[in-house]
1. Return the pairs, sorted by first residue and then second, in which the second residue is open to solvent by 40 Å² or more (accessible area, probe 1.4 Å), the first residue lies in the stretch A:79-90 and is among the small types (Gly, Ala, Ser), the beta carbons are less than 6 Å apart, and the residues are 6+ apart or on different chains.
2. Does residue B:273 count as facing another protein chain (nearest Cβ under 9 Å), touching a Gly at 6+ places or on another chain (Cβ under 7 Å) and buried (at least 23 other Cβ atoms within 10 Å of the Cβ)?
3. Here's a check for you: in the stretch B:112-156, which residue that is among the charged types (D, E, K, R) and more than 9 Å from chain A (Cβ to nearest Cβ) is farthest from residue B:36 (Cα to Cα)?
4. Kindly establish whether residue A:501 is within 29 Å of the chain's Cα centre (by Cα), within 13 Å of ligand 1 (Cβ to nearest atom), more than 14 Å from chain B (Cβ to nearest Cβ) and open to solvent by 10 Å² or more (accessible area, probe 1.4 Å).
5. Working carefully through the options A:416, A:422, A:457, find the one that is in a helix (DSSP H, G or I) and modelled with pLDDT of 85 or more.
6. Pull up the stretch A:632-641, narrow it to residues that are more than 10 Å from ligand 2 (Cβ to nearest atom) and either within 14 Å of chain B (Cβ to nearest Cβ) or open to solvent by 30 Å² or more (accessible area, probe 1.4 Å) (or both), then point me to the one that is farthest from residue A:350 (Cα to Cα).
7. Could you check the stretch B:106-134 and list, in sequence order, the residues that are buried (at least 16 other Cβ atoms within 10 Å of the Cβ) and either assigned to a loop (DSSP other than H, G, I, E, B) or of a type in the set (Phe, Trp, Tyr) (or both)?
8. Mind telling me which of the residues A:623, A:619, A:610, A:614 ends up being touching a Lys or Arg at 6+ places or on another chain (Cβ under 7 Å), within 15 Å of ligand 2 (Cβ to nearest atom) and not charged (D, E, K, R)?
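The values are calculated or read from the model by the stated rules, or taken from the named source; none is laboratory data. Quantities reported herein were computed from a predicted structural model and do not represent experimental measurements. Positions of Cβ are generated from backbone atoms using ideal geometry, with glycine treated the same way; all protein chains shown enter the neighbour counts. Each accessible area value is taken on the protein alone, full model and side chains, heavy atoms only, with ligands, DNA and RNA left out. Shrake-Rupley method; radii C 1.70, N 1.55, O 1.52, S 1.80 Å.
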Amino acid sequence: MTELPSAVRRHRPAPMVRTVLRRPAALVCLAYLALLVLASLAAPWLAPHGPTATDLDHVLTGPGAAHPLGTDNLGRDVLSRLMYGGRPSLIDAAVAASTVLVVGAGCGVTAGFLGGWFDRVFSWAVDVMLAIPVLVTLLVVLAVVGDHQVLAMAVLGVLVSPGVARVVRGATLAVRQELYVAAARVSGLGRRHILVRHVLPRVAGPVVVQVSLFAGGALMIDAGLSYLGFGADPPTPTWGNMIADAAAVTDRQPWLLAPPGVVLGLAILACGVLGDAVRDAGAGRSTTATPPAPRSRPSRSRASRPRKGTSHPPVPASRTDSSPALLSIHDATVALPGPHGMTTVVEGVDLDIGPGETVGLVGESGCGKSVTGRAILGLLPGRGEITEGSIVFDGTELVGADPRTVRALRGRRIALVSQTPLTSLDPVIPVGGQIAELVRRHHGGTRRAARARAVELLRAVRVAEPEHVATCHVHELSGGMAQRAAIALALAGEPDLLIADEPTTALDAGVRAEVLDLLRQVQRERGLAVLLISHDWKVISRMCRRTYVMYAGQVVESGPTADLLAHPRHPYTAGLLASAPGRAAPREPLRAIPGTVPAPHEWPPGCHFAARCALATPACAAAAVPLLEPAPDRGTRCLRHTELGKGDDRDRATAVRS
Amino acid sequence: MTERPPYVPETAADEGHPYAPDTAVAARPPTDATEPLLEVQELSVSYGRRGRSRHPLRPAVDGVTLRLSRGETLGLLGESGSGKSTIGKAILGLVRPAAGRIVFHGAVQDEDITHAPPARRRRLARHIQVVFQDPYGSLNPSRTIGQTLSEPLHITRRHTRGQAAARVSDSLNLVGLTADAAERYPAAFSGGQRQRIAIARALVLEPDLIVCDEPTSALDLSVQAHVLNLLVELQQTLGVAYLFISHDLDVIRHVAHRAAVLRGGTVVEEGTADRLTTRPSHPYTRTLLTA
Ligand SMILES: Nc1ncnc2c1ncn2[C@@H]1O[C@H](COP(=O)(O)OP(=O)(O)O)[C@@H](O)[C@H]1O
Ligand code: SF4
Ligand SMILES: [Mg+2]
């Protein structure tokens, strides 16, 4: 079948370890921690002096040739003590971290993965344990068991485990609910297999983050306990008791504080930075929900390429309305930053909307409908820009206009309703308050009048009990109700043009019909012009008298909706209509268009549809196809539109079926 | 074809139109339409944490009875929240039914699989498989297609490496992909291709039944056509049965032999897909038709 692009590259999310190691900060931290471990392990061989060898002739010297980091109050070599002292400190931290790893992460993964009674007991135990004060308990334990620092650190690990376990349980639960885990279960894979192969690799990141952040804390607590006199007894060095010794003589040799303080501080910092790096790496790697990576092809900056060919002199499709258009987009080209640099995603779009007219913009996902809508509002994502063309709204040119001009139009004269009402409504402010705020911003008036107007607007969009709904937050409303509220919000500024971007796509069939009826009603009552963006032909045919069809960034066809549906003048429109289920007898093959939509950086210089078109000829690929006028009121970007109604190409077109 | 959706122009069906549809061909009856494969009897499922919930549980599925023959497609039509997916999950053993029975008619014996223990469930995987709606969430992003597809073969069939690789490449070919797709990661594929891969995964174990939970709802119209064609073709060559869950009346009309309409967890109407989608008798089904 033809759907597989020829040059699909291998794309694998880089392994966590490599992603982390690519970060210089993480690399430095790892190197530092490794150095500490090596130095303390190799202390017996590398240390210039014994850890307890005293030299009373040279006490409290600063750094020098014989003692690189100086000596302490008994003349012991600070560097050597630092190296020997690292061992107990690091071992203690490692014991604590391992305890957390085994107890905390282990319980968290088990609870998250198994669920059921284990999870309930776990949650209860966590709640209980989180109420225990860690340090106090630790001191009590030390008082009972005496100077057993390793045991104390294990206890510390257990005390800290509930917090870690809870985080890990959450991460496990999230992975367990992934569809691919359900699919693995349906595939008959055993629990242990799923845990090891699918779940653990995904929760490893959060576990490493938690444990490494905790290891830093453990180092600090360990030093603190040593400082207080717990842990290894005096002549044996630890970083903690070195700090204690240094603190006793700060007035005579303040330098002494520096070596253990800096080494310890940096170690704690390194653990923290490492944890953050793992966390960031994990965030960058979560590829589950990302759309497909663009396929590899030598990238080309489309923005700089001459767009219009010379071999086909453009025959502009005439504007039909004699009345001046409310909105007139001419030859608009939009570029957005992407993985291939600034990429043209909308190219040479011409579109007119008359006052009070409802116009459809239809096409498949990614073809540039939303970007076109956003361009009108001056709300392009990222550093996107309109690189060519003009957008004139009610006599005002918006391209290159002062941002303040566009901002003043937004909401007040041009409003937006998007697919998810959740994005346009603020979750923390009651719906009525938001609408009232907009009413006041655009039209002034008292607070009380604005509130009354908000309720009136909610009633106008047929919200039952508008007074009550006005006091609700958006999450308390059903999908259809929230979309009504979003429409009320859009109407608050009494706009002349409403851009409705897939306003009903997220709604169920019954609610969809109601919201469409509502849109039609407000459109009629208020003389509102609507640009209705949708991929759904049913919605378009029900709502719009005139329609534009987009494909791969271009308007490929336009005309009165009924005429366009009955006599498509572009092979893409014809193919799309023919591929609808219902256009073939049940279980007979549907006439699918071969191939897939090219990504913006893959657009050919000629007709964007050529690779999938049954009617394509070499002329089609030779140069950009201008918008032609096949009939009054109609536009098409197809050189061979006259062939579409004829029988000649029937055989070839039939071969198109997959 | 008995009725055209309102937006489809009559005239586009002109003979000369390059994309004009075939003239209506009588639907082929399903193979062995009489041989039962799966029965769902009075099934009820409730969600909610036992013991903790303050609210009385409203069942997501409430006393649903369905039957499915070998090689047949049963459509489940309904709006979101009507309980379609829950029925599919109960059959797959992904949720525990509160009441009712699910009986699987295997080649050898009939078996109540309502509460099949995990070991038995794993063996049922050979017979019952799934294709989910979300082409992005249903494949593990960090494993190659080959790893994902061969996993069940190693575990449930104890295939050797070579046997599994051969079977995986067979399934990939069945769904119109080349065998080298096995070495790539999901990120290298578009939504339509991922749905093909999900179908290939369902096919590796040569199941009798595939639960298709809105398999084309996240896809564009033209991509949907490819995937629907593929599913129908596979049924005709392999004789696999589908429980086909969708909210789209046109899709159900196209793929299903019989269909049931769900609302609020209960079946409001059941019948041949053709009758149900053209001459519905229940008022609710009628509102779906005109929506
Ligand atoms: N925020 C964004 N950043 C970068 N590229 C984007 C962004 N939004 C959309 N695009 C790209 O712009 C093109 C058109 O997208 P869009 O207008 O959203 O299509 P439609 O609304 O028709 O589905 C697509 O190639 C898409 O990948
Ligand atoms: S211009 Fe040529 S390739 Fe493009 S749609 Fe028309 S016939 Fe097909
Ligand atoms: Mg969009």
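1. A:80/A:48; A:80/A:49
2. Spelling it out, residue B:273 is indeed facing another protein chain (nearest Cβ under 9 Å), touching a Gly at 6+ places or on another chain (Cβ under 7 Å) and buried (at least 23 other Cβ atoms within 10 Å of the Cβ).
3. B:120
4. yes
5. Sole residue among the options that is in a helix (DSSP H, G or I) and modelled with pLDDT of 85 or more: A:457.
6. A:632
7. Within the stretch B:106-134, B:113, B:114, B:116, B:125, B:126, B:127, B:132, B:133, B:134 qualify.
8. A:614
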